[in-house]
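> The structure follows.
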Amino acid sequence: GLPVVAIVGRPNVGKSSLFNWLVGRRISIVDPTPGVTRDRVSATVEYAGRYFELVDTGGVGVVDRADLSTAVERQIEYALASAAVVVFVVDVRSGLVGLDEEVAERLRRWGKPVILAANKADTEVLACAVGDFYKLGFGAPLPVSAEQKRGKEELLEAILSRL
Ligand code: GDP
Ligand code: MG
């Protein structure tokens, strides 16, 4: 089958928004409420004549609002088992939070290639405010905005270069 690219990250950073934007169709449910349960979704993405299977891990497992970190852990385990490349999504508007560190810790243990996507970089000013995310240890954060459709080509190039 096609190589799998898994989108991971804590709830509400914009994983489903990013998924729909990259796929070019509204497949995954975007919800302003953190921790809403939904199914795992995947779709084929084509870019520059190459193909991969993109997976939105947001709905894997039963999401319990009182224990979001368990849900995050579970979705990561699922996604990483099959992924060739991981897109780790963080939120520049909220900045770096504890759950991001937990996700990063898990990803480090798996040792798969990680692209750090700093979403909600809706403006140039926000795109320049990604410095804190270097601490996560996955190199330069790539500013993107699923809402304002910024940074798509850079993200796709980064994904393909690691496949
Ligand atoms: P998920 O839980 O990680 O899948 O996040 P969602 O895709 O459901 O998005 C959570 C919230 O963030 C929704 O209210 C989205 O509209 C919002 N959101 C997603 N991407 C962006 C973005 O690039 N900029 C801004 N400002 N909001 C976004
Ligand atoms: Mg989602």
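> So what does the Cα-only Debye profile of the stretch 99-163 read at q = 0.17 Å⁻¹, as log10 I(q)/I(0), no solvent term?
With no solvent term, the Cα-only Debye profile gives -0.62.
> State the extension gain, in nm to one decimal, for the chain segment bounded by W110 and E77, taking 0.36 nm per residue of separation less the distance between their alpha-carbons.
On the way: separation 33, 0.36 × 33 = 11.88 nm, distance 0.91 nm.
That works out to 11.0 nm of additional length.
Read-outs: derived from the displayed coordinates by stated rules, not from any lab. These numbers were taken from a predicted model, which means no experiment stands behind them.
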